[in-house]
Amino acid sequence: IARLLRDHIVFQIVPMLNPDGVFLGNQRCSLLGFDLNRVWNEPSHWAHPEIFGIKTHIMNLNEDPDFEVDFFIDIHAHSTMMNGFMYGNTYDDASRLEKHGVFPRLLSRNAEDFSINNTSFNRDAFKAGTGRRTLGGCLQESTHCYTLEVSFFSYQTSANSQAISYTEDLYQQLGRNLARTFLDYYKTMNYISWSPSCSIMPRLKEDRIKSRLTRQSANMPIVNQDEAFLNGETFNLSMGEFIYPQTRNSNDPE
């Protein structure tokens, strides 16, 4: 998988954006006491050099005709919620919003510790200075900007299951599942060619039938890209459908 991805996709990875603060034992603050994930909208070269530098680099890539930035994923640890989950952005264009929900749904199928129910897309004013909010508003419309949150503590595979404590190996497993999801995404979008074997075709057909029957039995509309019309500021993704919970502006911390 890794070799196939590298043959088609360029990954640029910044291991840590707050090395000085982490060295000092800070949970969120930089060396100068700033929350670096609230200054992406106006980073200072002097006060927030890490964010200033990486944002400048990303914007240069965005303007380079030889590059196409498909994803920006900001990875954080979450201090109060369990599992892994994502924050995304909301858009007025229904087609763009639906496309923005594809990657989290694919990740939920690959990673048992990723919670699609905790995944939410919002325009929370409190988080206007985060990376995914800022870059989601200034990069190309085809670029998907997310925050991937992973619990400091544990995850559950279902609401009533026993909590499983995260270990270094389990965090690395989530990273491998993230790579698998990139491959699934680029196959789905036909950026990477894929000829499924005969053995997998019956399972794919069965999954499609089950998904359709589940939606019909629950009296849920079968949503496609042309029919989707989403006007909420925040939505969750569940069972491959868009649902409308009460608006929640943030689960903190991001």
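The values are calculated or read from the model by the stated rules, or taken from the named source; none is laboratory data. Given the structure is predicted, the values throughout are model-derived calculations rather than measurements. For neighbour counting, all protein chains shown are included, and Cβ atoms are generated from backbone atoms with ideal geometry for every residue, glycine included.
Output the strands (runs of 3 or more DSSP E) that fall wholly within region 57-148 and possess 1 or more residues being aliphatic (A, V, I, L, M), over 18 Å from Met189 (Cα atoms) and within 17 Å of the chain's Cα centre (by Cα), or say none. It would help to see each step written out before you state the result.
Working: elements: 71-78, 84-89, 120-122.
Where strands (runs of 3 or more DSSP E) fall fully within region 57-148 and carry at least 1 residues being aliphatic (A, V, I, L, M), over 18 Å from Met189 (Cα atoms) and within 17 Å of the chain's Cα centre (by Cα), they are 71-78, 84-89.
For region 179-202, which positions are at negative phi, at pLDDT 55 or above and loosely packed, with under 11 Cβ neighbours inside 10 Å?
Residues of region 179-202 at negative phi: 179-189, 191-202.
With at pLDDT 55 or above added as a condition, the list becomes 179-189, 191-195, 202.
Result: Ser193, Ser195, Pro202.
If I ask for residues that are surrounded by fewer than 13 Cβ atoms within 10 Å (Cβ to Cβ) and either of a type in the set (Lys, Arg) or closer than 30 Å to Glu68 by Cα (or both), which ones from region 9-33 would you list?
Within region 9-33, Val10, Phe11, Gln12, Ile13, Val14, Pro15, Met16, Pro19 qualify.
So Tyr171 ticks every box in (1) within 26 Å of Ala2 (Cα to Cα); (2) outside any loop (DSSP other than H, G, I, E, B); (3) within 14 Å of the chain's Cα centre (by Cα) but one. Which box is left unticked?
So Tyr171 meets the others, but not (3).
Inspect all residues belonging to region 72-94 and state whether any of them is of a type in the set (Phe, Trp, Tyr) and surrounded by fewer than 15 Cβ atoms within 10 Å (Cβ to Cβ). Give the steps one after another, and end with the answer.
Step one: list which residues in region 72-94 are of a type in the set (Phe, Trp, Tyr), which gives 72, 85, 87, 91.
Remaining after also requiring surrounded by fewer than 15 Cβ atoms within 10 Å (Cβ to Cβ): none.
Checking region 72-94: not a single residue is of a type in the set (Phe, Trp, Tyr) and surrounded by fewer than 15 Cβ atoms within 10 Å (Cβ to Cβ).
Could you list, ordered by first residue, the pairs with Cβ atoms under 6 Å in which the first is in region 1-26 and over 23 Å from Leu61 (Cα atoms) and the second is hydrophobic (A, V, I, L, M, F, W, C) and surrounded by fewer than 11 Cβ atoms within 10 Å (Cβ to Cβ), at least 6 apart or interchain?
Within 6 Å, no pair qualifies.
Looking only at region 46-82, count how many residues are more than 30 Å from Ile9 (Cα to Cα) and free of Cβ contacts under 8 Å to residues at least 40 places away in the same chain. Lay out the reasoning, then the answer.
Just the residues of region 46-82 that are more than 30 Å from Ile9 (Cα to Cα), to begin with: 46-47, 79-82.
Narrowing further to those that are free of Cβ contacts under 8 Å to residues at least 40 places away in the same chain: 46-47.
The qualifying residues number 2.
Within region 1-25, how many residues turn out to be assigned to a helix (DSSP H, G or I) and over 21 Å from the mean Cα position of the chain (by Cα)?
Filtering region 1-25 down to residues assigned to a helix (DSSP H, G or I) leaves 2-8, 19-23.
In the following step, the residues that additionally are over 21 Å from the mean Cα position of the chain (by Cα) were identified as 3-4, 7, 19-23.
Qualifying residue count for the region: 8.
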